[in-house]
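Here's the structure we're looking at; comments come further down.
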Amino acid sequence: DEAVLASVQLGDGGKFAHWVLRPDGGKTKVSGFDDGVIAAAIGPDAALYMISRAGAPKGKILKVPLATPTLAKAQVIVAEGNASIVTSAWSHSLTITRDRLFVSTIDGGPSQVRMFDHAGKVQGTLPLPDVSAVSEVEALPSGDVFYAVSTYTRPTYYARWHAESGKSEETKLRITSPVNFDDSEVVREFAVSKDGTRVPLNIIRRKGTALTGQNP
């Protein structure tokens, strides 16, 4: 018998409340709608991990023992960074394996998946192509993860990251397209507006395009 996490959303406003339901029928309220916890998951180490935006608009990771799952006892193990932690109804932004956390973030467009141990120590990033999007990261019993990637020039394909080697390999699961973009490349640049804001710009062009200012 194991505890179960129940998450309740208040309409579509992005507010959530979280409860831990125990096998004996007991329940503990972890957070309410106004506490800023937008996602949570139970880890294999008898701990509850939470994504909070309270005082951290881009998101931070909290951890609390499952035996005492209250915000008052939670600790920040991953502080707010420059990139925003992704949360949506169709993607996993916090994936927990037997010894790692995989946190999906977005920084002006492209995805990045950061890896940490269960204490929040940085373990690197998931290998990804430049300027790509990750739509899901699924934990496997072995400690590996299975994830979906897409780019501007390639439809979604699935890769597997191996915990033992720290390397990824593509699987045979992929979406195909009748159009081939092997002759194209994506370049990420920044345009500076009048007030100094750096605006990200993704350029898709044929490989070898001469930068003369005359090519579309």
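One table, with the values for the structure above:
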read-out	value
Counted charge near D117, where neighbours are those whose Cβ lies closer than 13 Å (Asp, Glu -1; Lys, Arg +1)	+3
Loop-resident sites, region 139-216, for trypsin sites (Lys or Arg not before Pro), counting at most 13 other Cβ within 10 Å (DSSP)	K167, K194, K207
Extension reserve of the L10-Q75 stretch, reckoned as 0.36 nm per residue once the Cα distance is removed	20.9 nm
Qualifying trypsin sites (Lys or Arg not before Pro) for region 91-123 [loop in DSSP, other Cβ within 10 Å: at most 16]	R98, K121
Difference of contour (0.36 nm per residue) and Cα-Cα distance, V122 to N202	25.9 nm
Cα shape, the chain, gyration tensor, a/c 1.5 rule	prolate
Net +/- balance of residues flanking R154 in space, Cβ distance below 14 Å, scoring K and R +1, D and E -1	-4
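Read-outs throughout are calculated quantities, based only on the coordinates presented, and are distinct from any laboratory measurement. What you see is a predicted model; the values in this text were computed from it and never measured. We place every Cβ from the backbone using ideal geometry, glycine too, and count neighbours over all the protein chains shown.
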